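A.B. asks: Below you will find the structure I want to go over with you.
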Protein chains: 2
Amino acid sequence: MGTPESIAGKSFQVANEAFYHAFSNADAAAMGNLWAQGFPVFCCHPGWPPILTRAEIVASWKEIFSHGARLDISFVAQQTALIGAVGVVCGVEMVGNSQFACTNIFVVEAERWRMVHHHAGPLAPGTIAAIATPVDPGHGRRH
Amino acid sequence: MGTPESIAGKSFQVANEAFYHAFSNADAAAMGNLWAQGFPVFCCHPGWPPILTRAEIVASWKEIFSHGARLDISFVAQQTALIGAVGVVCGVEMVGNSQFACTNIFVVEAERWRMVHHHAGPLAPGTIAAIATPVDPGHGRRH
């Protein structure tokens, strides 16, 4: 396990962007590289039961990507937080006309931010229109 | 921020149980006490956009609890992990006849495990029947 202090600032957001880049490009190799090797990992695709092993998670993305080429995906990060050694991003994904509440979690492994968790759950159609201006993704709010 | 090392083992699982106890008893006060005060917090109820402030999260639970008395809720923890200062529980919630993939995240604050994140997304009906035997909740698997 690396020391997150050695990694600049909140650069887990860069890993979050890499996740959506791999997702939208249906790039199974890049997606596989993003997931941590030495930590427990979790993935909850919309409507699927939780997937709990790295091999099954990587296979699930291959299955999702097997249906076609580039996907129409965008992501609005609404909240980010660096809590100890863990980076969390919460926001809304838009995949085509569908919207999903999404949580992504990252840890530092071998001096790189890697994914340990992705959870996307469906929103009612049109929910995004009701969402306020995103929080500055560089600054998690504290209460 | 407390030091998680000072808190016995994986006792965030006790906080997770307290969460479902408060949830099933529709106990808004207990639910409110569970949420961290000094960390960024996130809550994704099924079908709702992410809620990003503690006050709004506490209010959302009050709204959910306002419709009646005790709720028929059970939870199967499938994976738990202590990653640095952060405890993560992933599993399946059953609320009446509905099933949800669920992620709960805890941190140590004032020497107590407190919640910073809850995310529940709906599963297809009957999904739970396809779920394998739960992982021993005391031991997150590593790959």
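A.B. asks: List the helices (runs of 4 or more DSSP H) that sit entirely inside the range B:5-90 and contain at least 2 residues that are more than 9 Å from chain A (Cβ to nearest Cβ), in contact (Cβ under 8 Å) with a residue 12 or more places away in the chain and under 12 Å from the mean Cα position of the chain (by Cα).
C.D. replies: B:12-24, B:28-34
A.B. asks: Of everything in the range B:114-132, what is of a type in the set (A, V, I, L, M, F, W, C) and modelled with pLDDT of 95 or more? Give them in sequence order.
C.D. replies: The answer is B:Met115, B:Val116, B:Ala120.
A.B. asks: Checking B:Met115 against (1) without any contact (Cβ under 8 Å) to a residue 60 or more places away in the chain; (2) assigned to a strand (DSSP E or B), which single condition isn't satisfied?
C.D. replies: (1)
A.B. asks: If we keep just the residues of the range A:91-104 that are at the interface with chain B (Cβ under 10 Å from one of its Cβ atoms) and touching a residue at least 40 places away in the same chain (Cβ under 8 Å), which is surrounded by the most Cβ atoms within 10 Å (Cβ to Cβ)?
C.D. replies: Within the range A:91-104, the match that is surrounded by the most Cβ atoms within 10 Å (Cβ to Cβ) is A:Gly91.
A.B. asks: Continuing with the same structure: Check whether at least one residue in the range A:61-68 is closer than 18 Å to B:Ala101 by Cα and not acidic (Asp, Glu), and report yes or no.
C.D. replies: yes
A.B. asks: In the range A:63-109, how many residues are closer than 19 Å to B:Val86 by Cα and not aromatic (Phe, Trp, Tyr)?
C.D. replies: Number satisfying all stated conditions: 19.
The values are calculated or read from the model by the stated rules, or taken from the named source; none is laboratory data. Computed from a predicted model, the values in this text were never measured in an experiment. Heads up, the Cβs are rebuilt from the backbone with ideal geometry, glycines too, and the neighbour counts pull from every protein chain shown.
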